[in-house]
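The structure appears right after this line, and notes come after that.
The values are calculated or read from the model by the stated rules, or taken from the named source; none is laboratory data. Since the model is a prediction, treat every value here as computed from it, not as a measurement. Cβ sites come from the backbone with ideal geometry, for glycine too, and all protein chains shown count toward neighbours. All accessible areas refer to the heavy atoms of the entire protein, side chains included, with ligands and DNA or RNA removed. Shrake-Rupley method; radii C 1.70, N 1.55, O 1.52, S 1.80 Å.
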Amino acid sequence: MAAADAAVLDIDNQTSTIAKDVTSSPSNKRKRSDGEDQTGNAKTNSNNNKRRKKKKGGGGGKKQHHNKQKRNWIESCSESISRIPSNCVAPVTCVITRSEIEEEPLLPKQVGDDMTQSEDTKHTLDRDDDGADKIDCSSSNNEPTESNTSSIEHPANNIATLSKSFVDTLSKEPIQPWKIATTLQVNGEEKKLFIPVQRHASTNGPTKWQQTQKKQGRHTKKGQNYSHLPDGDNGDGKKNPYPKKAVPDKFWAQRKRLFSRYDEGIQIGGEDDPEMWYSVTPESIGLHIANRMALMMNLDRKSTSGTGAGDTTNTQCNDSKKETVIIDAFCGCGGNSIAFARLNNNKDVAGSNTRVKVIAVDNNLSRLKLAANNASIYGISKEDIVLVHADAVEVINAYEGGSRKNVQSEIPTNDRCCETYFGFAVGGVELLPDHVDALFLSPPWGGMDYDSNKGKSGFDPVNGITLESKMHNKEGDVMKTNGGELLTMAVKAVLSESKQEGLVVAFLPRNIDGISFTRVAVTSDIKGSIELEQNVVNGKVKTVTAYLGPCVHRYLT
């Protein structure tokens, strides 16, 4: 594995000192972006009206107001940890942190004062790119290998169904309607739920990248408007081979941001499955999340920093080592699963008494084949990833408190027997291990138009996420699961209150409503603190990662 390709992202210094800094974080004086406080009382906006009156018809005032509205909740929310109302209860604190990830940008390809955005980039969300973010395409002219030129079929029967045993269990148990908590019982008295927000010191002020750009005079330099070359060419001369409506040029141009080893035969999907192009986690963010999870689970007593050239070749699993199991419930083409497995290449984790085992789950068999292909290109050991073709809802419900339930095994993969792709075992729920230590959730956000699923302050985690599970032997019949139900299932499956163990991580859009998400966490019986981490790449908030569990509370306090 080339050193440049095997480099694992270092955790920022500020993330390793969260526990020390979070209690001393200065209060943020900015007002909440939504127009109502958590107790239901309308906020006064008289001061805002006064300011507007002073700007009579000023175009600059309108522009300033417009820019303010564009800010996401996680960037503009104020700290409220010190002002919990006496008539409210606050069982969970939402701690906002920031991680800064740097990627090598391309040089500007087109520069001008009046660049217009092409039609196929107008609706690309979260992976937005203004040139300063562009991926490094300084690779050699490697020809695509056979594995990424060969097609993978996507027949309808590739979608896993809920097994008969699971469906029968659901029919016997009364289903309690899920409802988000707004009040809690305290000593027999009903009190309103309040979510205190605490901003870590790392979230204050501009990012380091922005400060550097400003010092170099490039932050607001007139005329430096960036645009990709035509047909998704990011500088290496390779044009987008897919129809633009299926895979926009912008996604193709960022292929090496998604997988740095793309030219070695990586498969993401094509015209028959374009969803992967806007669903896979960029490699740098995936590696960072894996390192944070390792740090919280204490897989290594030292700092789980990136290994760079010290990233060693995968070795066979040592039976004397403790097996730490991470389930990636929505594997897709394997971005996060590969990042988790690469923890075993980290010299610090490899030198400890634990080894990471990744259970990569997806209901689409074709995507598991993509993941197997991609894992083989990154040199992942065949013992480090197990591919499970099953519905995420059934897999999550197979566990309780971190242990496997005693249920009859079924293969929810259209009666397929266990197969092997690129040396990786692929099967149904019969391949699930006896225990799980961490669960990673990256559910679909609603497609490229997820930004329209907003509440008062941004993306609604309950209504914005909807899973549809096909029922066994019931044509056209599906079971729907919303985002709140999904998180409640995950918490019940992994977290052990008696052992104070377990970790649930959710990968969320940058416009997530943090108050609503924390209320979902409270409804899921989370206590203490949760962390919402801004994933900032080259100065821009790209995504948000939520960390929940006893180890998170200990880590933050």
Practice item. Report the residue count in segment 321-355 for those that are more than 18 Å from Ile285 (Cα to Cα), more than 19 Å from the chain's Cα centre (by Cα) and not in a helix (DSSP H, G or I). Key: 9
Check your understanding: Are any residues in segment 382-407 crowded, with 17+ Cβ neighbours inside 10 Å, of a type outside the set (S, T, N, Q) and not in a loop (DSSP other than H, G, I, E, B), and if so, which ones?
Key -> Ile385, Val386, Leu387, Val388, His389, Ala392, Val393, Glu394, Val395, Ile396, Tyr399
Review point. Just for helices (runs of 4 or more DSSP H) wholly inside segment 482-557: which have at least 2 residues that are open to solvent by less than 10 Å² (accessible area, probe 1.4 Å) and within 27 Å of Ile175 (Cα to Cα)?
Key: 483-494, 514-523
Revision key, fill the gap. Out of (1) among the hydroxyl-bearing types (Ser, Thr, Tyr); (2) more than 20 Å from Thr97 (Cβ to Cβ); (3) at pLDDT 85 or above, the one Thr543 does not meet is (2)
Practice item. Report, by residue number, each residue of segment 170-215 that is touching an Asp or Glu at 6+ places or on another chain (Cβ under 6 Å), part of a helix (DSSP H, G or I) and open to solvent by less than 60 Å² (accessible area, probe 1.4 Å). Key: Ala201
Practice item. Output yes when any residue across segment 259-279 is within 26 Å of Ala506 (Cβ to Cβ), open to solvent by 40 Å² or more (accessible area, probe 1.4 Å) and either modelled with pLDDT under 90 or not in a loop (DSSP other than H, G, I, E, B) (or both), and no when none is. Key: yes
Revision key, fill the gap. Log entry, pairs with first residue in segment 448-476 being more than 20 Å from Lys542 (Cα to Cα) and hydrophobic (A, V, I, L, M, F, W, C), second being at pLDDT 90 or above and in a loop (DSSP other than H, G, I, E, B), beta carbons closer than 7 Å, six or more apart or on different chains, reads Val462/Ile180; Leu467/Pro443; Met471/Leu162
Check your understanding: Tally time: how many residues in segment 240-253 are in a loop (DSSP other than H, G, I, E, B) and either touching a His at 6+ places or on another chain (Cβ under 9 Å) or at positive phi (or both)?
Key -> 1
Review point. Inside segment 419-428, can you point out the residues that are in contact (Cβ under 8 Å) with a residue 12 or more places away in the chain and within 11 Å of Val386 (Cα to Cα)?
Key: Tyr421, Gly423, Phe424, Ala425, Val426, Gly427, Gly428
Point to revise | Among (1) over 21 Å from Ile101 (Cα atoms); (2) touching a strand residue (DSSP E or B) at 6+ places or on another chain (Cβ under 6 Å); (3) modelled with pLDDT under 90 - the single one Thr207 does not satisfy | key: (1)
Point to revise | Tabulated pairs, segment 363-392, first touching a residue at least 12 places away in the same chain (Cβ under 8 Å), second among the basic types (Lys, Arg) and in a strand (DSSP E or B), C-beta under 7 angstrom, 6+ apart or interchain | key: Asp384/Lys357
Review point. Limited to segment 54-111, what total is found for residues that are of a type outside the set (S, T, N, Q) and modelled with pLDDT of 50 or more?
Key: 26
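Conditions tested, residue by residue: (1) under 19 Å from Thr488 (Cβ atoms); (2) at pLDDT below 95; (3) charged (D, E, K, R).
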| position | (1), (2), (3) |
| --- | --- |
| Ser529 | yes, yes, no |
| Leu532 | yes, no, no |
| Val536 | no, yes, no |
| Pro550 | yes, yes, no |
